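Participant: Below is one structure. I have some questions about it.
The values are calculated or read from the model by the stated rules, or taken from the named source; none is laboratory data. These numbers were taken from a predicted model, which means no experiment stands behind them. Heads up, the Cβs are rebuilt from the backbone with ideal geometry, glycines too, and the neighbour counts pull from every protein chain shown.
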Amino acid sequence: MNELWTVVHAEREALIADLETVPADRWSTPSLCPGWDVHDLLAHLVDDARTTKASFLLRFAAARFDFDRYNRAGVERERASEPRLTLDAFRAASRRTTGAPAPKATRLVEAFVHGEDIRRPLGISRDYPVEPVVTALRYQLRTSVGAGGGKQRAQGLRLVATDSEVDHGDGPEVRGTTLALLLAVSGRPVGSAELTGSGVPALTR
């Protein structure tokens, strides 16, 4: 568990460092999350970092047990008037180890997938530690889409990572880095050069 939080904290710090130099006019860039720009998504990360089990239960009930409504309320609550203020709030919350009552691997999924949700539209690249990305990918592969995972997207396919030991499933093959597979399984758009194999259309449709 300590190792997991060490990775999460390192990823938060790396994202803060990347965002410190983003020009003011780029914060409205659409993220990879439909309907949210980069500033919105950072506010979502602030909300996630500040969430406790108790606050989640109270706010989820207030949202009438609707995850979309719950997430929108979190963005509205944590999105400051200026992106720099939201970044300051993320910095202040970056070392926290609290979260919603969910498997701890979701913290890794959030760090890597949301990190790319922000970085890719801004043209920022990062080399992530492979083994924690493997953990996030394996979690997504056993978690239903309805619960935020990607199990159904990968059904009937063989996913083979080119930079780790991941070799999952049977069927038409999809090859790519562990990160590219994680993004695709999580429903994110992936560049045409990042994945190869006859199963790519089925995974990315």
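Participant: Could you please find all residues in segment 4-33 being among the charged types (D, E, K, R) and part of a loop (DSSP other than H, G, I, E, B)?
Facilitator: Correct list: GLU20 only.
Participant: Restricting attention to segment 61-85, report how many residues are at positive phi and aromatic (Phe, Trp, Tyr).
Facilitator: 1
Participant: So, in segment 46-73, of the ones that are assigned to a loop (DSSP other than H, G, I, E, B) and β-branched (Val, Ile, Thr), which residue ends up surrounded by the fewest Cβ atoms within 10 Å (Cβ to Cβ)?
Facilitator: The first filter runs over segment 46-73 and keeps only residues assigned to a loop (DSSP other than H, G, I, E, B), leaving 51-52, 63-66.
Imposing the further condition that a residue be β-branched (Val, Ile, Thr) reduces the set to 51-52.
Working: THR51: 20, THR52: 13.
This residue is THR52.
One line per residue, one yes/no per condition, for (1) touching a Phe, Trp or Tyr at 6+ places or on another chain (Cβ under 7 Å); (2) free of Cβ contacts under 8 Å to residues at least 60 places away in the same chain; (3) buried (at least 20 other Cβ atoms within 10 Å of the Cβ):
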position	(1), (2), (3)
VAL133	yes, yes, yes
GLN140	no, yes, yes
GLY146	no, yes, no
LYS151	no, yes, no
VAL160	no, yes, no
GLY171	no, yes, no
VAL174	no, yes, yes
THR178	no, yes, yes
LEU181	no, yes, yes
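Participant: Another question, if that's okay. Residue check: is SER198 surrounded by fewer than 17 Cβ atoms within 10 Å (Cβ to Cβ), over 26 Å from ALA10 (Cα atoms), modelled with pLDDT under 95 and of a type in the set (Ser, Thr, Tyr)?
Facilitator: So SER198 fails the test.
Participant: How do the pairs read when you match residues in segment 65-88 that are outside the structural domain of LEU41 (by TED's automatic domain parsing) with residues anywhere that are of a type in the set (Val, Ile, Thr) and not in a loop (DSSP other than H, G, I, E, B), using Cβ under 7 Å and keeping only pairs 6 or more apart or on different chains?
Facilitator: none
Participant: Could you give me the residue pairs with C-beta distances under 8 Å whose first residue belongs to segment 185-205 and is under 16 Å from VAL133 (Cβ atoms), whose second residue is buried (at least 17 other Cβ atoms within 10 Å of the Cβ) and charged (D, E, K, R) wherever it lies, and which are 6+ apart or on separate chains?
Facilitator: Going by the 8 Å Cβ cut-off, the qualifying pairs are VAL185/ARG153; ARG188/GLU116; ARG188/ASP117; LEU195/ARG175.
Participant: Further question on the same structure: I'd like the residue in segment 102-131 that is buried (at least 18 other Cβ atoms within 10 Å of the Cβ) and of a type in the set (Val, Ile, Thr) and, out of all such residues, is nearest to the chain's Cα centre (by Cα).
Facilitator: Among those that are buried (at least 18 other Cβ atoms within 10 Å of the Cβ) and of a type in the set (Val, Ile, Thr), it is VAL113.
Participant: Filter segment 163-205 down to the residues that are of a type in the set (Val, Ile, Thr) and in contact with a strand residue (DSSP E or B) (Cβ under 6 Å, 6 or more places away or on another chain) and list them by number.
Facilitator: Hits for segment 163-205 are VAL174, THR178, THR196, VAL200.
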